[in-house]
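Okay, structure first, notes after.
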Amino acid sequence: MTTPQHPHTHPALAAADPELAALVGAEERLQAETLRLIPSENYVSAAVLEASGTVLQNKYSEGYPGRRYYEGQQNIDQVETLAVERAKAVFGVDHANVQPYSGSPANLAVYLAFAEPGDTVMGMALPMGGHLTHGWGVSATGRWFRGVQYGVRQDTGLIDFDEVRELALKERPKVIFCGGTALPRTIDFAAFGEIAREAGAVLVADVAHIAGLIAGGAHPSPVPHVDVISTTTHKTLRGPRGAMLMSREEHAKALDKAVFPGLQGGPHNQTTAAIAVALREASLPSFRDYAHAVVANAKALAEALLARGFDLVSGGTDNHLVLMDLTPKQVPGKIAAKALDRAGIVVNYNTVPYDPRKPFDPSGIRIGTPSLTSRGLTVEHMDQVADWIDRGVAAAGTGDEQALATVRAEVADLLTAFPAPGLPV
Ligand SMILES: Cc1ncc(COP(=O)(O)O)c(C=O)c1O
């Protein structure tokens, strides 16, 4: 173990388990010193971190507030009710379930509520930017249901709604998912809503990536166009690792029953509490500023990358993420991602639509601005970030480790002026 720990931050942990405390300390240092560009990640506030580490962790509470299978729920019921009421207010929905353990179980609960095994379901294909749980073959959702998949057009990188409509009317899926993990453009929930109504399908907006942008008014809301909203709470929403399902009142019972007792046992109350805290933060005017700054930073970063000759899927971004096709640079995504990691810039390699390469060795990298915006970086810094990425990708191609080390030092130097929320200074 070469990286020093921070025993002052976690004294009990350091005393009881120095090995584990050292790893936590090393991760704190890594998160402080690197430029984290993975668009599904963020820095939660110290308050969210504290809430998720409370004694609420000690309590079992199967059921829902006022309807539990265990006694002693005087406080837990209030915690969960706070989270539910805040979710309803922030997203403008009738009903919210804050118990799903994460995004994947939340989506599984949606299938359980509205489909039977073997039924046809529809979502965006994984290599096009959809999520595994939208009916992709290797996922349980693609094995237990008959997944039919739509994509984006090769010439524009945008969803082809004629294709979506044609497929929906031909296949008549029970459930249609819109949203995804690598979509740089605004999701047209109204267009999906029209198609779903015509096809008689339940429409689910999986807004995991953009929940914070919706909460902050920087992306249109899926309300009232969709039946169900599924979201993780740990991406742009800047909460703990968890998820929520939201809907109009008519679907409330079906969703609640699917989450518990259909799929899960006791909710993770410490996570519920941290979700409540994150939702309170998301209701403040400063979060609107944050959400708009995330998008402004992503647009500025996209412009600066285009100016350096990078090829961006769909030509840019409307939201928090940018999908870069590195084919013209002749550097595969994985090689670039690993080199950038050595340069202190953390991204993930990613397929691009119609990628001729394999998912484990694809053509692209996916980057985003939620984390750097949480640290306070602004549009003025995005040219510098693009320059680092440019130099990192070039060094990946030539194997210039010295150039990567130089970028790493410059990154760490800038970031000392922008301490990350929740991390020891
Ligand atoms: C759109 C979307 N849905 C669902 C999930 C799954 O969330 P989790 O990783 O919490 O299971 C993700 C995670 O990346 C996602 O991007």
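Helices assigned as whole DSSP H runs in the chain whose Cα atoms extend at least 27 Å along their own long axis and whose mean Kyte-Doolittle hydropathy is 1.6 or higher are not found. Rounded to two decimals, the Cα-based Rg/Rh of region 33-148, with Kirkwood Rh, is 1.04.
Over 24 Å between Cα atoms, which of Lys174/Lys257; Lys170/Lys235; Lys88/Lys170 qualify? Cα-Cα > 24 Å for Lys170/Lys235; Lys88/Lys170; rest within. Ellipsoid fit via the Cα gyration tensor, region 103-214: semi-axes of 19, 16, 13 Å, each the root of five times an eigenvalue, largest first. Fraction of C-alpha pairs exceeding 14 angstrom in region 281-361: 69 percent, rounded to a whole number.
The gain in end-to-end length when the Tyr70 to Thr398 segment is fully stretched comes to 111.9 nm, 0.36 nm per residue minus the alpha carbon separation. Hydrodynamic radius of region 361-425 by the Kirkwood approach over all distinct alpha-carbon pairs: 13.3 Å. For the pair Phe161 and Asp17, a Förster radius of 60 Å applied to the C-beta separation gives a FRET efficiency near 0.65, rounded to the nearest 0.05.
Here's the picture: a label point sits 7 Å out from the Cα of Ala47 along the beta-carbon direction, and within region 259-282 the residues with their amide nitrogen under 18 Å of it are 270-282. Using the empirical formula 2.2 N^0.38 Å as the baseline, the Cα radius of gyration of the chain reaches a ratio of 0.99.
For Ala412 and Gln78, the difference between the fully extended length at 0.36 nm per residue and the C-alpha to C-alpha distance is 116.0 nm. Farthest toward the positive end of the dipole of the chain, out of Leu132, Pro332, Phe189, is the Cα of Leu132, where the dipole comes from beta carbon charges about the Cα centre. Which residues in region 30-68 have a backbone N closer than 18 Å to a point placed 7 Å from the Cα of Arg342 along the Cα-to-Cβ line? Within reach of a label on Arg342: 34-35.
Under a 5 Å amide H cut-off, with hydrogens placed 1.01 Å from N, Val148 pairs with Val121, Met122, Gly123 among residues at least 5 apart or on other chains. Highest mobility in the GNM of the chain, judged by mean-square fluctuation with C-alpha springs under 10 Å and restricted to Leu237, Leu203, Leu306, is found for Leu306. Put simply, the amide H of Val202, placed in the peptide plane, has neighbours under 5 Å in Val175, Ile176, leaving out anything fewer than 5 places away on its chain. When only the Cβ of Lys, Arg, Asp and Glu is charged (+1, +1, -1, -1), the dipole of the chain relative to its Cα centre reaches about 460 debye. The charge dipole of region 274-379, taken about the Cα centre with unit charges on the Cβ atoms of Lys, Arg (+1) and Asp, Glu (-1), comes to about 260 debye, rounded to the nearest 20.
Spin-label model, Lys257/Val379: points 7 Å from Cα along the beta carbon direction are separated by 5.1 nm. Straight-line reach from Lys358: taking Cα to Cα under 15 Å and skipping same-chain neighbours fewer than 8 places apart, the aspartates and glutamates in range are Asp325. Close amide H pairs (under 5 Å, H built 1.01 Å from N) link Val346 with Leu35, Arg36, Leu37, residues at least 5 positions away or on another chain. Here Thr378, Thr272, Thr120 are placed in order of increasing Cβ neighbour count within 10 Å, fewest first, which gives Thr378, Thr120, Thr272. Once both labels are positioned 7 Å from their Cα atoms along Cα-to-Cβ, the gap between Tyr354 and Asp119 label points is 3.4 nm.
Using R0 = 22 Å, the C-beta based FRET efficiency linking Arg248 and Ala89 works out to 0.90.
Rounded to the nearest Hz, the phi-derived 3J(HN,Hα) couplings of region 357-371 under the Karplus curve 6.51 cos²θ - 1.76 cosθ + 1.60 (θ = phi - 60°) are 8, 7, x, 7, 8, x, 8, x, 10, 10, 10, x, 10, x, 6, where x marks glycine and proline.
Read-outs: derived from the displayed coordinates by stated rules, not from any lab. Everything numeric in this text was worked out from a predicted model, so none of it was measured. No Cβ is skipped: glycine too gets one built from the backbone with ideal geometry, and neighbour counts run over all protein chains shown.
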